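Here is the structure we will look at.
The values are calculated or read from the model by the stated rules, or taken from the named source; none is laboratory data. The model shown is predicted, which means the values in this text are computed figures rather than measured ones. Positions of Cβ are backbone-derived with ideal geometry, glycine not excepted, and every protein chain shown enters the neighbour counts.
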């Protein structure tokens, strides 16, 4: 039984379909596989969603050929030498040899994944709300579900997986059956973002760029901007900020706010292109990690996956890939032990923590650049952030360091790869040149 039919729930359902004869995915929304519209339960789907390279690799393992399907449905291939990333007063050097980013809307991706999961013949989708867990002697044996008519039904299951995200009631459910709830680690950054969709023509002043990521100098402002191409010849543009910084929704105010970013590229798209629909806002307190892996005891037959465990600052685009690496951890745990084994949950949570900890470290470390950020701050954070700043500046001059930064951001390599002897040497060498203050990324000869 999988509670929640978003990306984490769909990937979980696919993995479980290999191990079980019957899998039920239940969600409060009607999970219509023919629809690629924004679901009521996923309001953040109106905003950009980046499938990082690691996430794309996992999806293609679970659903061979899905990247090609996305492209056939209009997803845009963004070559990395045409993705312009501004940070610390300069553009990152171009990395033509890196794998491209596949850019599309969240509804399109979710719809195609859902079609694949439904097509495996094992997974059934139901509409309803999970009211409570059913337990027997310390083991979870199923769920109590209330359908849209208000009728409650008990559904027995060998394994229940909670993929309901930040609104998860797992803490309450665990205490109800006599288990401790996990410690919650919070990093509060008060993220506010405003998104608008625009027509994408060939006449806009992009200078050949496929997309833009802009981060203001943290000493000046706490503002971010992204412009990404998606299916339907559209741009999806988000203007975001931390700690009270938020862009207005009216077009004139939106443009004016974009013009405060350190480069004019995103503002030029807003100026030149025709808006499609109204602006939408979203607000997130910050990053949350329920530390299930630190609990001494777990009920058999129940685990949490996705944002129910670790929810990251959405500005860094790690959410869907974080869910994917947790699902890989679930698959490994299933291979190691039976779900009824008391050690199954412990094994899974340890593997899951190992998988998400690099993303947590990079996302929260970036948030702690700002003194207003509150939460658990590991002691070396300031020192690490100073070094990462040097890496970013070095990456404006050197494509090797730029590639390493992309690999870490795409969760392909561990952040410690930036501390290898060769990376240290190149960082020291090229960071001495100072910020590039460049009009466009340099291209390696």
*asked:* So, in region 166-190, exactly how many residues are part of a helix (DSSP H, G or I), surrounded by 18 or more Cβ atoms within 10 Å (Cβ to Cβ) and out of contact with any strand residue (DSSP E or B) (no Cβ under 7 Å at 6 or more places or on another chain)?
replied: 1
*Mind checking whether some residue in region 133-156 is within 29 Å of residue 56 (Cβ to Cβ), in contact with a helix residue (DSSP H, G or I) (Cβ under 7 Å, 6 or more places away or on another chain) and assigned to a strand (DSSP E or B)?*
no
_Residue in region 202-221 that is in the same structural domain as residue 312 (by TED's automatic domain parsing), more than 25 Å from the chain's Cα centre (by Cα), surrounded by fewer than 20 Cβ atoms within 10 Å (Cβ to Cβ) and not in a helix (DSSP H, G or I) present_ = no
*asked:* residue 247 - would you say it is touching a helix residue (DSSP H, G or I) at 6+ places or on another chain (Cβ under 7 Å), part of a loop (DSSP other than H, G, I, E, B) and within 23 Å of residue 87 (Cβ to Cβ)?
replied: yes
*Please state which of the following conditions residue 353 fails to meet, knowing it meets all the rest: (1) in contact with a strand residue (DSSP E or B) (Cβ under 9 Å, 6 or more places away or on another chain); (2) modelled with pLDDT under 95.*
(2)
_When you scan region 291-303, do you find a residue that is at pLDDT below 95, on the phi < 0 side of the Ramachandran plot and assigned to a strand (DSSP E or B), even just one?_
yes
